[in-house]
Amino acid sequence: MTTVRTVDAQRAGVSIRDSLQRVVALDDDVMEPLLVALFAGGHVLIEGIPGTGKTLLARTLAKATGLGFNRIQFTNDLMPADILGTSMWRPGEGVFEFVPGPIFSQIVLADEVNRTSPRTLSCLLEAMESGTVSAEGRAFPLPDPFFVIATRNPIEFHGTFPIPEAALDRFLVRVAVDYPTPDAELGLYLGRDPEAVFEEVAPALDHGALLMLMEQVPEVTVQEPVARYAYQVVAATREHEGVVLGASPRAALAWLRAARARALLDGRDYVVPDDLKRLAGCVLSHRVFLTGGGDARTLVQDLVASTPVEL
């Protein structure tokens, strides 16, 4: 990897981050995983109560990257065709024509994804996994990149469906959006309307540049000691007495992919243990399931801290 490319990745990441911070007050625990997932070609699950700027965040990210954006409000009566598209009869031509649904966009906000039926959710997850939509016996490719930001309210359970373990694995990272800090919230009250600031956001890079940067992520080097550290952490999740289902090899590969993207955004062509440590909670915690239920983030962070790095 050349120095020029590395600088481009850094500049793009900083510029996108600055645009997001101007519109939505978020800390690095949310901002960094979001950018990592975008560059790594993954998807994001955001948990947070309504009114904390999740929709505005997704819209701003689309504008800052110059990508198309669609929002889908998930409800319990939403059908697969409502998001994937449907075939319409063209009498003049005597044929059925497939009309793409709102999922055919580069950035898709799947709002309150746990409010829809398992059947509709499975269609979304299949699209996230394969990058295609199946209809009329054909596979229609989704845009490249295809980036899903799904949200769910962790507090309200009425009228919601649980997201299965296999479904959670489709998300590269999971982050929590909480209330802003007192200073940030006060600044919001005293500042300009966020919608007015949003209108001033300009793309930080074009579509081609983003794809080029995404293609560089697999080129970032992972040395054997770093890979061994990742293995030791995921193995510890499987052996822990408080865990009923530990992190799989696929979870470890996702963790390493995210770490590669973070290294690139930090101007490096190699992964260091700190890349893994910073992303462990948001990449592994929704892939580790505790015996008594609950969030595994604290356990994962404890295992990361207690596992030595053998360089």
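The values are calculated or read from the model by the stated rules, or taken from the named source; none is laboratory data. Model, not experiment: these values are computed from the prediction. All Cβ positions, even for glycine, are placed from backbone atoms using ideal geometry, and neighbour counts span all protein chains on display.
Determine whether the stretch 94-103 contains at least one residue that is farther than 24 Å from residue 65 by Cα, out of contact with any strand residue (DSSP E or B) (no Cβ under 7 Å at 6 or more places or on another chain) and modelled with pLDDT under 90.
Scanning the stretch 94-103 turns up at least one residue that is farther than 24 Å from residue 65 by Cα, out of contact with any strand residue (DSSP E or B) (no Cβ under 7 Å at 6 or more places or on another chain) and modelled with pLDDT under 90.
Which of the residues belonging to the stretch 159-186 are of a type in the set (D, E, K, R), part of a loop (DSSP other than H, G, I, E, B) and either modelled with pLDDT under 80 or surrounded by 18 or more Cβ atoms within 10 Å (Cβ to Cβ) (or both)?
Residue satisfying the conditions is 170 alone.
Given the conditions (1) in contact with a helix residue (DSSP H, G or I) (Cβ under 9 Å, 6 or more places away or on another chain); (2) within 21 Å of residue 46 (Cα to Cα), which single one is not true for residue 294?
Every listed condition holds for residue 294 apart from (1).
Here is a list: 263, 258, 209. Which entry is of a type in the set (A, V, I, L, M), at pLDDT below 95 and within 17 Å of residue 41 (Cα to Cα)?
Checking each option against the conditions leaves just 209.
Within the stretch 256-311, count every residue that is assigned to a loop (DSSP other than H, G, I, E, B) and among the aromatic types (Phe, Trp, Tyr).
Of the residues in the stretch 256-311, 0 are assigned to a loop (DSSP other than H, G, I, E, B) and among the aromatic types (Phe, Trp, Tyr).
Looking at residue 52 and the list (1) at pLDDT below 90; (2) touching a His at 6+ places or on another chain (Cβ under 8 Å), which single condition is not satisfied?
Of (1) at pLDDT below 90; (2) touching a His at 6+ places or on another chain (Cβ under 8 Å), only one is false for residue 52: (2).
Spot the failing condition for residue 282; the list is (1) surrounded by fewer than 24 Cβ atoms within 10 Å (Cβ to Cβ); (2) closer than 19 Å to residue 29 by Cα; (3) not aliphatic (A, V, I, L, M), and only one is missed.
So residue 282 meets the others, but not (1).
Would a scan of the stretch 216-232 turn up a residue that is under 20 Å from the mean Cα position of the chain (by Cα), outside the structural domain of residue 112 (by TED's automatic domain parsing) and among the charged types (D, E, K, R)?
Looking through the stretch 216-232, none of the residues is under 20 Å from the mean Cα position of the chain (by Cα), outside the structural domain of residue 112 (by TED's automatic domain parsing) and among the charged types (D, E, K, R).
When the stretch 63-74 is examined, which residues are found to be touching a Lys or Arg at 6+ places or on another chain (Cβ under 8 Å) and more than 23 Å from residue 152 (Cα to Cα)?
Matches in the stretch 63-74: none.
Filtering the stretch 33-62 down to residues that are touching a Lys or Arg at 6+ places or on another chain (Cβ under 7 Å) and of a type outside the set (Gly, Ala, Ser), which residue is surrounded by the fewest Cβ atoms within 10 Å (Cβ to Cβ)?
This residue is 55.
If residue 257 meets every condition in (1) of a type outside the set (A, V, I, L, M, F, W, C); (2) in contact with a helix residue (DSSP H, G or I) (Cβ under 6 Å, 6 or more places away or on another chain); (3) more than 23 Å from residue 171 (Cβ to Cβ) apart from one, which number is that one?
(3)
Within the stretch 279-288, is even one residue more than 14 Å from residue 252 (Cβ to Cβ), modelled with pLDDT of 95 or more, of a type in the set (A, V, I, L, M, F, W, C) and out of contact with any Gly (no Cβ under 9 Å at 6 or more places or on another chain)?
yes
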